[in-house]
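Colleague: Here it is, the structure in full.
Each value in this text was obtained by applying a stated rule to the coordinates, not by laboratory testing. Only a predicted model underlies this, so the values are computations on that prediction, with no experimental measurement involved. Neighbour counts run over all protein chains shown; Cβ positions are idealised from the backbone, glycine included.
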Amino acid sequence: MSKAVQIEQHGGPEQLKIVDVKVGDPGPGEIRIRHHAIGLNFIDVYHRTGLYQLPMPASLGMEAAGVVEAVGAGVTHLKPGDRAAYASQPPGSYCELRVMPAKCVCKLPDGIDFDTGAAMMLKGLTAQYLLKRTLPQGGLKEGDFVLFHAAAGGVGLIACQWARAMGLQLIGTAGSDAKCALAKEHGAAHVINYAKEDFLARVKDITGGRGVKVVYDSVGKDTWDKSLDCLQPFGLMASFGAASGPPAPFSVGLLAAKGSIYVTRQTLFSHIVTREITQAMADDLFEAVGSGKVKIRIDQRHPLEQVQQAHRDLEARKTTGSTILTL
């Protein structure tokens, strides 16, 4: 048996309930893993509220780290006793023990502890696919300007450090002076407090009127319109979340009017479609963390039993860095 968090209907944090579930043996292509730490991400809020619909009752959570207890037929990259971490479909990481597909589970390097592993996989792989695989026309090169919203969050702080290591001029936005200072400390070349400043005017000022090659945006409705105006001609608007709600529909002709710009809506799970791609992306992340280029900041820890409060804090934008649930 395992304690697990489930919801019986979409709604607020009060829908999150601790239940006991029976966990069996892994089938072909599956593993059973006992968690030591669990990552919290904004996609979990989307699943809970119903922005992303799930069949009920639904288990939540996309990221965790622990020890493999058993492997099913055909699983060759993991064995019982391996330390492992993952960001993976289907949801269900908010638990002590689970059976799940093995293809997106990666062996955790010895130098990375379970808390860090649980905090880094979904957010770190997201930063990896954004900066390395979601690129404007002509790619990114040293010295290029990029705009990254919510730069003091879990993905943002990783992206700030990784962008600095790549030689990029990352302009980070956040909603307070303290969060801006945190993003600056972690490698943002410039920071903008969008609660006090017009980020469009500041971006134009910072870039000498040219704008940025790419905007990475997980905020959505509140930042969308001005973000499009931050782009250079042929620039890329890369949406990967909608913390403030989805952007309003727009005419495709707007893209022409703003300089033949590109728009894409990315998800991690479109990238990690095979074990080989997942492992290659994870190896890049493990190298960045292992070398010290990227440090994973965990600013909030909650016991699994406090999952409701963890969700309230995340939605209220009270968090910085990564949040984990502990067992």
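Colleague: Most fluctuating residue of G235, G124, G143 in a GNM of the chain with Cα springs under 10 Å: which is it?
Modeller: Of the options given, G143 has the highest mean-square fluctuation.
Colleague: Just name one of L182, I158, F148: the one whose Cα is farthest towards the positive end of the charge dipole of the range 129-208 (beta-carbon charges, Lys/Arg +1, Asp/Glu -1).
Modeller: I158
Colleague: Sticking with this one: Which of K123/K318; K141/K293; K226/K293 have a Cα-Cα distance over 24 Å?
Modeller: K226/K293
Colleague: With each run of n ≥ 4 DSSP H residues scored as -39500 (n - 2.57), what mean residue ellipticity at 222 nm is computed for the chain after dividing by its residue count and rounding to the nearest 500 deg cm²/dmol?
Modeller: After summing the helix terms and dividing by the residues of the chain, the value is -8500 deg cm²/dmol.
Colleague: Give the long-range amide H neighbours of Q169: residues separated by 5 or more places, or on another chain, with amide H under 5 Å away, using H modelled in the peptide plane at 1.01 Å from N.
Modeller: Answer set, sorted by chain and number: G143, D144, F145, V146.
Colleague: Hey, got the dipole for the range 175-327? About the Cα centre, +1 on K and R Cβ, -1 on D and E Cβ, debye to the nearest 20?
Modeller: For this selection, approximately 220 debye.
Colleague: Then there is this: DSSP H helices in the chain with Cα extent of 24 Å or more along the helix axis and mean Kyte-Doolittle hydropathy at least -1.0?
Modeller: Helices passing the filter in the chain: 114-133.
Colleague: Now for a different question. Mind sorting H10, H149, H311, H36 by how few other Cβ atoms lie within 10 Å of their own Cβ, fewest first?
Modeller: H10, H36, H311, H149
Colleague: With the Cα gyration tensor of the range 119-182 giving a ≥ b ≥ c as the square roots of its eigenvalues, does the rule (a/c under 1.5 for rounded; else a/b larger than b/c for prolate; else oblate) give rounded, prolate or oblate?
Modeller: Note, shape of the range 119-182 comes out oblate.
Colleague: Hey, got the dipole for the chain? About the Cα centre, +1 on K and R Cβ, -1 on D and E Cβ, debye to the nearest 20?
Modeller: Roughly 420 debye for the chain.
Colleague: Nearest 20 debye, what's the magnitude of the dipole of the range 135-265 about its Cα centre given +1 on Lys and Arg Cβ and -1 on Asp and Glu Cβ?
Modeller: It comes to approximately 140 debye.
Colleague: Okay, next question. What net charge do the residues around G111 carry, taking every other residue with its C-beta under 12 Å from that of G111, with Lys and Arg at +1 and Asp and Glu at -1?
Modeller: Result for the local shell: -2.
Colleague: Could you work out how far apart the two model spin labels at D20 and A256 are, taking each label as a point 7 Å from the Cα in the direction of the beta carbon, and quote it in nm?
Modeller: 6.5
Colleague: Spelling out what I want: for every residue of the range 216-228, take phi, set θ = phi - 60°, compute 6.51 cos²θ - 1.76 cosθ + 1.60 (Karplus), and round to whole Hz; glycine and proline get x.
Modeller: Rounded to whole hertz, the list is 9, 10, 10, 8, x, 3, 5, 10, 4, 4, 5, 4, 4.
Colleague: Can you list residues whose amide H is under 5 Å from E96's amide H, if they're 5+ apart or on another chain and H is modeled 1.01 Å from N?
Modeller: For E96, the qualifying residues are K3.
Colleague: A further question on this structure: Any chance you could run the full-extension gain for V67 through A201? It's 0.36 nm times the residue separation minus the Cα-Cα distance, nm to one decimal.
Modeller: My answer for the length gained is 43.3 nm.
Colleague: Let me ask something additional. Search the structure for amide H atoms under 5 Å from the amide H of A37, placed 1.01 Å from N in the peptide plane, and list their residues when 5 or more places away or on another chain.
Modeller: A65
Colleague: Using DSSP loop states and a limit of at most 15 other Cβ atoms within 10 Å to flag GluC sites (Glu not before Pro), what is the longest stretch of the chain containing no flagged site?
Modeller: With a cap of 15 other Cβ atoms within 10 Å, the longest stretch comes to 9-141.
Colleague: Here is a follow-up. Quick check: the distance between the Cα centres of the range 17-42 and the range 219-287, to the nearest angstrom?
Modeller: Going from one Cα centre to the other spans 30 Å.
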